[in-house]
1. Give a quick list of trypsin sites (Lys or Arg not before Pro) in segment 92-160 that DSSP marks as loop, anything other than H, G, I, E or B, with at most 16 other Cβ atoms within 10 Å.
2. Given the DSSP H assignment, sum -39500 (n - 2.57) over each helix run of at least 4 residues in the chain and divide by its residue total; what's the result at 222 nm in deg cm²/dmol, nearest 500?
3. Any of Lys56/Lys442; Lys33/Lys462; Lys225/Lys339; Lys130/Lys175; Lys4/Lys512; Lys225/Lys252 with alpha carbons more than 27 Å apart? Name them for me.
4. Using a Cα-Cα cut-off of under 14 Å, which aspartates and glutamates could be cross-linked to Lys392, ignoring same-chain neighbours fewer than 8 residues away?
5. Amide H neighbours of Tyr161 under 5 Å, counting only residues 5+ apart in sequence or on other chains, H built in-plane at 1.01 Å?
6. Quick one: which residues, 5+ away or cross-chain, put their amide H under 5 Å from the amide H of Leu5? H built at 1.01 Å from N.
7. Send over a whole-number figure in Å² for the accessible area per residue of the chain, probe 1.4 Å.
8. (i) 24.9, 78; (ii) 26.2, 89; (iii) 25.8, 85: which one is Rg and Dmax of the Cα atoms in Å as calculated from this entry?
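The values are calculated or read from the model by the stated rules, or taken from the named source; none is laboratory data. This structure is a prediction, so every number in the text was calculated from the model and none was measured. Note that each Cβ is placed from the backbone with ideal geometry, even for glycine, and that neighbours are counted across all protein chains shown. SASA here: full protein model, heavy atoms, side chains in, ligands and nucleic acids out. Shrake-Rupley method; radii C 1.70, N 1.55, O 1.52, S 1.80 Å.
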Amino acid sequence: MTLKLKQNSLDWALTHIERYGDTNIFPRPFEYKAISENWVTDLKPFLMNSDILNWKTRSERRCLTPKHRYGFRIATQLDPLDAIIFTALVGEIGKDIENSRLPKRNKIAFSNRFKVNRDGQMFEPDWNYKAFLEHSIRLSGYQKYNYIVLADVADFFPRIYSHPLENALSECTSKSSHVTAIKRLLKNWNFTISLGIPVGIQISMLLAELVLDDVDRGLLDNGAKHCRYVDDFRIFCKTKIEAHEQLALLAKILYENHALTLQQNKTMILPMNIFRKRFLLSEKTKELKSLKTKFDDLIKKIGVDDPYEDINYEKLDVKQKKQLDELNLLEIIKEQTKKRDIDIPLIRFIIRRFSQFDDINGVNYFLNNIDRLYPVFKDIIKYIQELRTINKKGRKIIGGKVLKLLKDSLVGHLEFHRLWIFNTFTNDFEWDNEDKFVSLYKKYTDSFSRREIILALGRARKANWFKTEKKNINSLEPWQKRAFIAAASCLPGDEYKHWFNSIKRSLDPLEKAVGNWIRNNPF
């Protein structure tokens, strides 16, 4: 028995990743540029001819990532070819999974409703967290509901047990080969342990929804009125006794069906008036809603349709500039840093606005208060990377401050944060500080840091370093090896061509694609 993926499935999977990224956690690997350039001629035929039932999973990478100020989770970034295969494979049974779930008309599961299009879309955009909140608000306004159960699953993705997932897959689709292939992929990524699905890659969300569908049905069959967004449950009850009963029922179904438990600190029963006050009409919710409304009104006046489109501040008229300045975005951030717990969604919204307007005024404040803004570190680094109008001298200064975070702040101890710090220097050489990269490579030996530093060394055109190190390429793990193949393109003249040709026979298809692509796009 063999299983080969369809051409349109593979094309859609690559389009999806190119548009939405391979994860929402890590920087997008440069390998996808190489894959796109070599897709039609080499990589798509290779994948189409591969028997997915006997596919040997490639080297994924994992690291600890911050979930909030004192919480962490393990996130996974799949090898790019594995990510394409996994997305295409699950995508081929995506309609079967969606059709097996409680229908949308029930208005229970608001997350990740499968609906693809040729532009790479995976989930129906109107079924989102906003719709979940709006439905919660409507239900909370019904006089018959006096109490609400709020509950989150503890460590949901890492603790998804494989056997119930496999059973649910077998029940929802007749494509047994796909079920077997998915089972084997997950088993290989989990080192044969029957727990967890990759955290971060979007197609995993569809599998997670399938896991929780029987929980939704169990609650529904027992008369519960509830709605859910991923692992966030809300059950609306008439009495306090009913609320306790429904909470116990939810805990029982989760444990008996999936060996899952609820987060104690996020599970509670509240009178409906308290819920509305604390969760729907809280000051910080009002603040974010008000700020978004003001901002949306402003960009409409400017004539911008896309609320995330880049906007040139200098081209605004005097009145428009005044309206933007009156939003006092930086002051809102400053107020937040004084609070015990920062409002993460609000700060992320503001940081995105700074990036959108290419506003450099937040840089120094963000970096100087990075320990307080720890939960939004990635957002701050992405904002800095996207700045467009800073001169060469300014970029060098900022680059130095970013590197200084490694020893002067709380963020330097985590691989995930170092990854994003070093990533700043991988796309161009304008952030300078290239004289520090060799010593940083020696100091930080983890795979995440070294891969980014190798790319930074290439951007800095440290050809002598590559001349010395190229003999050691086969000792590098796959993610570093591909980075080295790309970054070594800074070698002068035909030296890179001769070196690459000398190792080409020993390379795998993705490594060859990187070498072919980088010849036309040298560092």
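1. Numbers: sites: Lys95, Arg101, Lys104, Arg105, Lys107, Arg113, Lys115, Arg118, Lys130, Arg138, Lys144, Arg159; in loops: Arg101, Lys107, Arg113, Lys115, Arg118, Lys144.
Sparse-neighbourhood loop trypsin sites (Lys or Arg not before Pro): Lys107, Lys115, Arg118, Lys144.
2. Working: 25 runs with 274 residues, N = 523.
Helices in the chain give a 222 nm mean residue ellipticity of -16000 deg cm²/dmol.
3. Working: Lys56/Lys442 32 Å; Lys33/Lys462 23 Å; Lys225/Lys339 36 Å; Lys130/Lys175 34 Å; Lys4/Lys512 23 Å; Lys225/Lys252 17 Å.
With Cα atoms farther than 27 Å apart: Lys56/Lys442; Lys225/Lys339; Lys130/Lys175.
4. Asp428, Glu430, Asp432, Glu434
5. Excluding prolines and chain starts, which carry no amide H, the hits are Gly196.
6. Sorted by chain and number, the residues that satisfy this are Ile52.
7. On the way: 25020 Å² over 523 residues.
Accessible surface, normalised per residue, equals 48 Å².
8. Checked against the structure: label (i).
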